[in-house]
Ligand SMILES: [Zn+2]
């Protein structure tokens, strides 16, 4: 099993000490399980349901489309193509009648 590079200095000479990984070059120590958990994207809809790529959702409120006069009505269907980490606009969606756009997870409901 190969170990990940040091998150601090990118050194490849990382070694394992029980649950910790240790970098001999900069002295950084970390737990790889904790890092993996933080990196997992954890995005929830308006009801607190976890969303995944490929999920079908409907809009939970009317949304104005930035830079246009288009308003997406509540109940409009969308397909989640990709989920990104962030405070808003986490969902890369294909929205019925509007095409691809970024939508905030709290404004949709899982269908
Ligand atoms: Zn290091």
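Any read-out appearing in this document is the output of simple, stated calculations on the displayed coordinates, not a laboratory observation. All figures in this text were calculated on a predicted structure; none of them were measured in a lab. Note that each Cβ is placed from the backbone with ideal geometry, even for glycine, and that neighbours are counted across all protein chains shown.
A compact table of results
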{"quantity": "Entirely in the chain, the strands (runs of 3 or more DSSP E) that have 2 or more residues that are exposed (fewer than 14 other Cβ atoms within 10 Å of the Cβ), over 18 Å from the mean Cα position of the chain (by Cα) and within 16 Å of the ligand (Cβ to nearest atom)", "calculated": "15-17"}
{"quantity": "Close pairs from segment 1-12: first farther than 14 Å from residue 26 by Cβ, partner more than 7 Å from the ligand (Cβ to nearest atom) and assigned to a loop (DSSP other than H, G, I, E, B), Cβ under 6 Å, at least 6 apart", "calculated": "3/14"}
